[in-house]
Each structure stands twice: as C-alpha cells, then as structure tokens.
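This report refers to the structure that appears directly beneath it.
The values are calculated or read from the model by the stated rules, or taken from the named source; none is laboratory data. Please read these numbers as outputs of a predicted model, since none were measured by experiment. Ideal geometry is used to build each Cβ from the backbone, glycine not excepted, and the neighbour counts take in all protein chains shown. Quick note on the areas: whole protein, heavy atoms, side chains included, nothing else; ligands and nucleic acids left out. Shrake-Rupley method; radii C 1.70, N 1.55, O 1.52, S 1.80 Å.
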Amino acid sequence: MKHIKAVIQPDKLSDVREALDAAGCSGGIIISEVMGHGNQKGIVQAWRGEKYQVDLLPKVMIDLVIRDEDLETVKKIIIDSARVGEFGDGKIFIYNVESVIRIRTGEEDDDAL
Ligand SMILES: Nc1ncnc2c1ncn2[C@@H]1O[C@H](COP(=O)(O)OP(=O)(O)OP(=O)(O)O)[C@@H](O)[C@H]1O
Ligand SMILES: [Mg+2]
C-alpha cells in the first residue's frame, strides 16, 4: 500500500476530487488546510506602495492510502487535475504503508482500504 500526500492549490481541490471520483479512485481521503512554502519561499506583495514578504501561503493537503497497483493512476489524476504550469502548483510525496486496520471489523491492509 502507498500513502500519497499531495499539497495543492486550494482552488484545485474540487477538480482533483472530481477526477478521483470519475476514475473510481475515491475511497477514504483526508483533506487538511495547511500553510507552507516551496522553493520560492512565498511571494512579495505590494500594499499602498509598501512591499512585504508573505512567506507562508495557504495550501490544501490531501492524504490518500491506496493499493500499490493504483499508484500510477492516482498520481496521474492528481498531476493532470492540479497542474496549471505555474510556480506553486504543488507537490506529491509518496510513502510505503506498513499496515492498515479497519477498527470496526478488524480487517487489515488491502481489505481495510
Ligand atoms: N521539500 C518540501 N518539503 C515539504 N513540503 C514541501 C516541500 N516542497 C514543497 N512543499 C510543500 O508544497 C507546497 C507547494 O510547493 P511548490 O509547488 O511551491 O513546490 P516548489 O518545489 O517550489 O515547485 P515550484 O517551483 O513549481 O513552485 C509548499 O507550499 C509546501 O507546503
Ligand atoms: Mg514553489
């Protein structure tokens, strides 16, 4: 199993969720509102002639745990639906998952997804 953690622009969340649904890849999901910055370390904004650095920008973080065989499909869906082609489009982190347990039934791993 793989854990996909995708940090995306908040206004892309509905597109990503719809694309996951349309592809039948919509099991459990965790959505978090987060703040962060990537390589550009935020942006410089101007207000009334003053320039100031906004170093943390709002992002949405999506956590999904999926079957190994769904990895490439889910990766592509997220990239295709979150990408504008500009700085700050986001990033996807992928981790191996050791174990998943559904508390209600005791099912484990793929059966618990
Ligand atoms: N190396 C990292 N470690 C942890 N979080 C990161 C890392 N890089 C990016 N992030 C998170 O992902 C968000 C989006 O990053 P972003 O898309 O700006 O990455 P980038 O590497 O700067 O790429 P780009 O040059 O396209 O902007 C950041 O706001 C931050 O929350
Ligand atoms: Mg960036």
Leaving out ligands, DNA and RNA but keeping every protein chain, what accessible area does GLU107 have, in Å² rounded to the nearest 10, with a 1.4 Å probe?
70 Å²
Could you check which residue among VAL60, VAL34, VAL44 shows the biggest mean-square fluctuation in a GNM of the chain with a 10 Å Cα cutoff?
VAL44
Among LYS51/LYS76; LYS51/LYS75; LYS5/LYS41; LYS5/LYS51, the pairs whose Cα-Cα distance exceeds 27 Å are LYS51/LYS76; LYS51/LYS75; LYS5/LYS51
Could you provide, to the nearest whole Å², the per residue accessible area of the chain with probe 1.4 Å?
70 Å²
Exposed-site-free run, longest, the chain (rule: trypsin sites (Lys or Arg not before Pro); DSSP loop; at most 16 other C-beta within 10 Å)
1-40
I want the local charge near SER32. Using Cβ-Cβ distances under 13 Å, sum +1 for each Lys or Arg and -1 for each Asp or Glu among the other residues.
0
Could you give the nm distance between label points at LEU71 and ARG48, where each point is 7 Å from its Cα heading toward the beta carbon?
5.3 nm
Surface share of carbon and sulfur [accessible, 1.4 angstrom probe, percent] for the range 2-112:
50 percent
Hypothetical label at ALA23: residues of the range 48-64 whose amide nitrogen lies under 19 Å (7 Å Cα-Cβ projection)
60-64
Per the Cα gyration tensor, the chain corresponds to an equivalent ellipsoid with semi-axes, largest first in Å, of 33, 15, 12
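For TYR95 and SER32 in one chain, what is 0.36 nm times their gap in residues minus the Cα-Cα distance, to one decimal in nm?
Full-extension gain reported as 20.9 nm.
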Dipole magnitude of the range 2-112 about its Cα centre (Cβ charges: Lys, Arg +1; Asp, Glu -1), debye to nearest 20:
640 debye
Using Cα pairs closer than 8 Å and at least 6 residues apart in sequence, work out the relative contact order for the chain, in percent.
42 percent
Report the one residue of VAL65, GLY38, SER81 whose Cα lies farthest in the direction of the positive end of the charge dipole of the chain (charges on C-beta: Lys and Arg +1, Asp and Glu -1; origin at the Cα centre).
GLY38
